[in-house]
1. With the condition kept exactly as written, say whether any residue in segment A:52-74 is modelled with pLDDT of 90 or more, of a type outside the set (D, E, K, R), assigned to a helix (DSSP H, G or I) and assigned by TED's automatic domain parsing to the domain that holds A:A125.
2. Can you tell which of B:F229, B:F214, B:F240 is part of a helix (DSSP H, G or I), in contact (Cβ under 8 Å) with a residue 24 or more places away in the chain and surrounded by 22 or more Cβ atoms within 10 Å (Cβ to Cβ)?
3. Quick test of your reading of the structure: B:E271 fulfils all but one of (1) surrounded by 22 or more Cβ atoms within 10 Å (Cβ to Cβ); (2) over 17 Å from the mean Cα position of the chain (by Cα). Name the failing condition by number.
4. When the residues of segment B:124-140 are filtered to those that are touching a helix residue (DSSP H, G or I) at 6+ places or on another chain (Cβ under 6 Å) and farther than 17 Å from B:A109 by Cα, which remaining residue is nearest to the other protein chains (Cβ to nearest Cβ)?
5. When you look at A:V288, is it under 30 Å from A:I31 (Cβ atoms) and touching a Leu at 6+ places or on another chain (Cβ under 6 Å), yes or no?
6. Can you find a residue in segment A:15-33 that is over 17 Å from the mean Cα position of the chain (by Cα), β-branched (V, I, T) and modelled with pLDDT under 90?
7. Can you tell me which of A:L382, A:L366 is under 15 Å from A:G340 (Cα atoms) and surrounded by 12 or more Cβ atoms within 10 Å (Cβ to Cβ)?
8. Could you please find all residues in segment B:172-196 being more than 15 Å from B:F214 (Cβ to Cβ) and not in a strand (DSSP E or B)?
Amino acid sequence: MNVVYSSKGIVNIDSPGRGASVMARAGVENIVMDFSTWWDDQILDRVCAEFDKNGMCVSGAIAPDMWANEGRACSNEFLLRLTEKCIRTCGKIGCPGLIIPAFPIKVTSNGDSAVQAAGYQRLAAVARENGITLLLKNECKDVNGHLVRGTFCDAKEAAELLDMLNAGAGATPAVQRQDGKAGQSGGAKMQRTMSEQGGKTGQSRGAKTDLLTFGFCLDVGVCNICGQNMYEFVQALGSRLKAVVLRDNDGRAEASLLPFANAGAFGSRTDWRGLICGLRDIDFDGMVILSFSDSFCVMPGVLRTKYLDFAKSMGDYFKWQVGQRRVLAKYESRVLFGAGNMCRNYMKYYGGEFPPLFTCDNNKRLWDTEFEGLVVKNPEELKKLPRDCAIFICNIYYGEIAEQLRDMGLENPIEYFNDEYLPFGRD
Amino acid sequence: MLDIGVQTKNVIYDDCPEEGFALLASAGFSCADFSLNSYLNNTTIYNQGRSLTYAPAGHEHAFFSQSVPELERFFAPHKRGARAAGIMIHQMHMPYPVYVPRGDAKWNAYLWNEVAPKSLHVCHFLECPYIVIHGFKLARRLGAEEAEWERTQTFIDAIAPLAKELGITICMENLYESVGGRLVEGPCCDAKKAAERIDRVNEKYHAQVLGFCFDTGHANLVGIDFEKFMTTLDYRLKVFHVHDNDGIGDLHQIPFTFTRTRENMPSTDWEGFRRGLANIKFDKVLSFETAPVLAAFPDEMKEDVLRFIARIGRYLGEAVQ
């Protein structure tokens with residue numbers, strides 16, 4: 001999974017270098033560009049050069065949605081040309097994925113399927129030439145100020161359309177650029193797919209699926225406004241899901257807030273568990289786009305740098321949570337560290353599928369006792385493990401325990417298990 | 001012209017039901033949605049289920065512990081009152097939920113084995129063809145909507161033979177549930193799935209034992225596209241719960257009440273609703289679930305409010321002609 005950060009509201013046209021360097025300092029490596037912000041070719045080149053200078057890749061881009069931006073209809077032809085230009089620009093800068101507006105549906109009253117298909121196939125041809133995956137995104141519809149389910153808010157329907165479009169795009173999939181010609185401002189870092197794994201190996205399952213011309217981008221903000229069950233939404237899309245726009249709002253109005261902002265007396269009002277568990281269950285390996293321009297803009301200037309660090313941590317957190325099952329499956333054998341509630345939850349939810357050899361704990365009184373069917377051992381016993389056996393820390397003091405293990409000279413992989421978002425079905 | 005109905009709650013009272021039915025008739029209604037759920041309300045069901053104390057016969061919560069003949073005797077004046085006023089009891093609401101998650105097993109068994117079948121008997125006694133049920137809200141607990149449906153289906157299977165015998169169609173309703181106090185989609189919010197499931201159940205029983213109740217307020221809370229939803233369900237859509245809200249709370253208010261912009265246009269898609277009615281050529285009853293409106297207005301205005309609701313019903317129904 002590749003965590004990508006939206007540069008909207010952070011990097012501005014006048015002095016892109018400043019925002020880009022702040023993002024880079026926070027540890028951001030991958031960004032998403034919104035072409036409605038930088039449409040002029042010269043500005044685009046300048047911005048891309050700054051990203052490149054700061055060692056950041058443009059991993060995704062958003063095509064302008066003229067309907068939404070202008071509040072009026074524009075012609076199919078105009079939208080098509082605009083989107084084609086965006087695709088070519090993506091090709092030029094080595095950006096592998098472009099989120100496109102549901103353009104033809106908006107200008108044909110009830111979604112004329114023939115017009116729709118023809119429009120998308122036209123874009124598909126350009127996308128193939130440029131090695132770009134086009135991402136359809138769920139969108140709200142405005143009923144006199146009340147945002148309701150609009151285009152692609154039915155995940156099953158969207159999945160069917162994607163299959164049809166990809167079948168129609170022909171047996172020749174989009175060609176991933178591997179020739180090193182990333183465009184004017186692109187370097188080797190630009191040659192990446194939307195999934196981190198795909199980018200690294202070029203041969204992983206993620207990379208293979210990325211070759212499809214069409215994929216889906218799930219906008220969590222839209223799902224939240226429409227009160228949709230995100231677990232079911234994700235399941236219905238399955239491997240077609242290539243990107244997730246991670247943003248929070250109050251469930252009523254459009255906003256791009258950092259996750260967990262929508263809090264109420266009873267906790268989070270956004271269904272993060274549904275999303276995280278859903279992504280885990282489909283083994284999501286695409287791009288997660290953290291979009292938080294509204295949160296960032298209201299931050300006092302002196303706190304913005306720190307806020308970006310926090311946003312970076314948020315992205316890392318989601319990557320960790322979503323990838324938890326994948327990490328568990330990565331190892332042939334494993335042991336746990338900790339004999340408390342987190343260990344209990346590990347055994348309840350994952351113990352059957354990924355059984356540990358034993359657990360250990362710093363509490364001497366627990367040594368040689370049994371907990372949740374596991375023998376609790378002295379951490380010193382870890383030294384006897386084969387090198388490839390992973391140690392999963394089941395305790396919130398991850399840093400301290402990891403340090404203890406390193407101080408013990410252990411070279412085994414150390415991983416952090418977490419029980420904050422446990423799978424559904426066994427509550 | 002479509003028949004128009006409304007909830008009996010806050011209109012029909014047990015001590016003199018004929019008065020309430022006469023009021024409905026004079027306000028322009030020809031049908032009623034009998035609020036059977038008032039006799040064992042939602043809060044009581046949850047509280048009872050979680051208090052681990054079973055309500056014995058004779059307890060105030062044990063209305064449905066009465067025998068079917070006793071219940072029929074209790075509702076005989078209601079039946080006579082409706083008949084005298086020319087009001088057809090077109091639909092009724094079964095007490096809900098019929099299963100309290102993690103609730104007392106005895107209480108859940110009581111809901112399932114006593115309340116549900118007796119509700120069907122009352123429905124039959126009142127010559128009411130449709131009874132609305134709530135599906136189980138278990139998707140998050142069980143891990144998947146499909147698993148949730150399986151539980152609801154088990155319940156439907158438990159009561160469908162009796163429904164068939166009594167000539168009643170059970171209607172499942174689109175619902176919401178809460179995430180951190182915010183209302184999000186619950187059971188039956190996927191029209192395609194609902195349509196497939198209804199067809200499967202009816203095929204199994206060789207009868208129209210299952211249909212759908214489209215609740216406009218619940219749909220509005222979770223941004224469902226009215227027209228698309230109704231059109232997908234088509235003939236399976238048997239009854240309505242028409243009401244309005246602000247898209248945030250389940251307020252059960254009069255349609256066209258809420259706006260969100262300075263232009264003051266309705267923020268609920270009533271035009272989409274009208275198109276939906278026209279698309280499926282709906283020919284049954286447009287019934288309002290607006291009892292809270294009557295609680296909000298002064299009693300002196302009850303008849304005026306009812307007249308207004310009925311008038312809105314006729315307006316919405318005109319879309320079908």
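1. Of segment A:52-74, the ones modelled with pLDDT of 90 or more are A:52-63.
Those still in the list that are of a type outside the set (D, E, K, R) too: A:54-63.
Now narrow it down to the ones that are assigned to a helix (DSSP H, G or I): none.
There is no residue in segment A:52-74 that is modelled with pLDDT of 90 or more, of a type outside the set (D, E, K, R), assigned to a helix (DSSP H, G or I) and assigned by TED's automatic domain parsing to the domain that holds A:A125.
2. Values: B:F214 fails: part of a helix (DSSP H, G or I); B:F240 fails: part of a helix (DSSP H, G or I).
Just one listed residue meets the conditions, B:F229.
3. B:E271 satisfies all of (1) surrounded by 22 or more Cβ atoms within 10 Å (Cβ to Cβ); (2) over 17 Å from the mean Cα position of the chain (by Cα) except (1).
4. Residues of segment B:124-140 that are touching a helix residue (DSSP H, G or I) at 6+ places or on another chain (Cβ under 6 Å), as a first pass: B:124-126, B:131, B:135-136, B:138-139.
With the extra rule that they be farther than 17 Å from B:A109 by Cα, the set shrinks to B:124-126, B:131, B:138-139.
On the way: B:H124: 35, B:F125: 38, B:L126: 35, B:I131: 26, B:L138: 10, B:A139: 7 Å.
It comes out as B:A139.
5. Values: under 30 Å from A:I31 (Cβ atoms): yes; touching a Leu at 6+ places or on another chain (Cβ under 6 Å): yes.
In short, yes.
6. Quick first cut of segment A:15-33, residues over 17 Å from the mean Cα position of the chain (by Cα) only: A:15-26.
Next, only the ones that are β-branched (V, I, T) stay: A:22.
Of the ones still in play, those that are also modelled with pLDDT under 90 are none.
Checking segment A:15-33: not a single residue is over 17 Å from the mean Cα position of the chain (by Cα), β-branched (V, I, T) and modelled with pLDDT under 90.
7. Values: A:L382 fails: under 15 Å from A:G340 (Cα atoms).
Answer to the selection: A:L366.
8. Residues of segment B:172-196 more than 15 Å from B:F214 (Cβ to Cβ): B:177-184, B:196.
Residues satisfying the conditions are B:G180, B:G181, B:E196.
The values are calculated or read from the model by the stated rules, or taken from the named source; none is laboratory data. Predicted, not measured: the structure shown is a model, and the values here were computed from it. Note: ideal-geometry Cβ built from the backbone for every residue, glycine included; neighbour counts use all protein chains shown.
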